[in-house]
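Q: One structure is given below, represented as structure tokens, and several questions about it will come after.
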Amino acid sequence: MTNKYKYFVANWKMFGNIKSTDTINRVIKLSKQKNLKKVKIIYCPPYTLLSIFIKKLVNTNIDVGAQNCHQSQNDGPYTGSINSQMIKNLGCKYVIVGHSENRTNGDNNYLINQKIKSSLSNNLNVLFCIGENIKEKKSKRTKLVLKTQLTKGLNKVKNIDKIIIAYEPVWSIGSGLVPKNKELIGNIFFIKNFLKKKFKKSNPKVLYGGSVNSKNIKNLSLIKEIDGFLIGGASQRSNKFIDIIKKTFN
Ligand code: PGA
């Protein structure tokens, strides 16, 4: 195994109830194996389950993150919303920002930038999602889209030490489709180069997300430029999630 951490982020989306949190017991057991020291597992359950996860995962090396946050740093009259301060206060270390399912729900680059800045000021690590949709891919605008999302999302952000990019082509989320290796390597390379130039950071972290499963993980794990995976559907059941983690290294 390399010296670098490999990230496995479980994005449960709007799934899960109190009973389903039992499924993580097997992942906790797995995370204690010595040969998995360089694996960083992060659970991002719905808001309703965050405190249960935090209690269950205390004294483990598994971290917890929220799936989104409100852009305001302070409390305020925003019914149904939760800010980064609240997420931090609960004991989360991470927050997902810019997921395409929230972009289609109204999160534009400006709002995403506000959310990132507010999360950083509350000392959270940000899993910043970017990716092109099928129309943009077909018209060969992928790199332009990635550049715009990065430039606007990271506007006035000075330091990306606490930012991990999750490259998630919209067309591959939940569809069973995954980019060809060559295309994926090219896009990851493009993102890393952009960040290296802009932030003078030698090793920016970039994850891949979109239909990762126990069948395609062997092939995806061959791509050394990928620092880990953001996993939706296949992360909700421990057996599948564990399979993915194990197959990455064997
Ligand atoms: P998926 O979701 O693995 O179900 O495609 C990934 C994501 O949306 O983060």
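Q: Which members of the stretch 2-44 meet the condition of being in contact with a helix residue (DSSP H, G or I) (Cβ under 6 Å, 6 or more places away or on another chain) and part of a loop (DSSP other than H, G, I, E, B)?
A: The answer is Gly16, and nothing else.
Q: Would you pick out the residues in the stretch 218-250 that are in contact with a Lys or Arg (Cβ under 7 Å, 6 or more places away or on another chain) and within 11 Å of the ligand (Cβ to nearest atom)?
A: Once the filter is applied, which keeps residues that are in contact with a Lys or Arg (Cβ under 7 Å, 6 or more places away or on another chain) and within 11 Å of the ligand (Cβ to nearest atom), the stretch 218-250 yields Gly232, Ala234.
Q: So, one more: Looking only at the stretch 222-236, count every residue that is in contact with a helix residue (DSSP H, G or I) (Cβ under 6 Å, 6 or more places away or on another chain) and open to solvent by 10 Å² or more (accessible area, probe 1.4 Å) and tell me the total.
A: So the answer is 2.
Q: Go through the stretch 56-100 and report how many residues are open to solvent by less than 20 Å² (accessible area, probe 1.4 Å), away from the ligand (no atom under 16 Å from the Cβ) and of a type in the set (Gly, Ala, Ser).
A: Within the stretch 56-100, residues that are open to solvent by less than 20 Å² (accessible area, probe 1.4 Å), away from the ligand (no atom under 16 Å from the Cβ) and of a type in the set (Gly, Ala, Ser) number 1.
Q: Let me ask you something else. Is it the case, given these coordinates, that Ser81 is in contact with a helix residue (DSSP H, G or I) (Cβ under 9 Å, 6 or more places away or on another chain) and among the small types (Gly, Ala, Ser)?
A: Spelling it out, it is not the case that Ser81 is in contact with a helix residue (DSSP H, G or I) (Cβ under 9 Å, 6 or more places away or on another chain) and among the small types (Gly, Ala, Ser).
Q: So which residues in the stretch 80-115 are of a type in the set (Val, Ile, Thr), within 21 Å of Tyr43 (Cβ to Cβ) and assigned to a helix (DSSP H, G or I), if there are any at all?
A: Ile87
Q: Out of curiosity, is Ser211 within 18 Å of the chain's Cα centre (by Cα), open to solvent by less than 10 Å² (accessible area, probe 1.4 Å) and among the hydroxyl-bearing types (Ser, Thr, Tyr)?
A: The answer is no for Ser211.
The values are calculated or read from the model by the stated rules, or taken from the named source; none is laboratory data. The structure displayed is predicted, hence computed values, not measured ones. Neighbour counts are summed over all protein chains in view; Cβ atoms, including those assigned to glycine, are modelled from backbone coordinates with ideal geometry. Just so you know, the surface numbers come from the protein's heavy atoms only, side chains and all, with ligands and any DNA or RNA stripped out. Shrake-Rupley method; radii C 1.70, N 1.55, O 1.52, S 1.80 Å.
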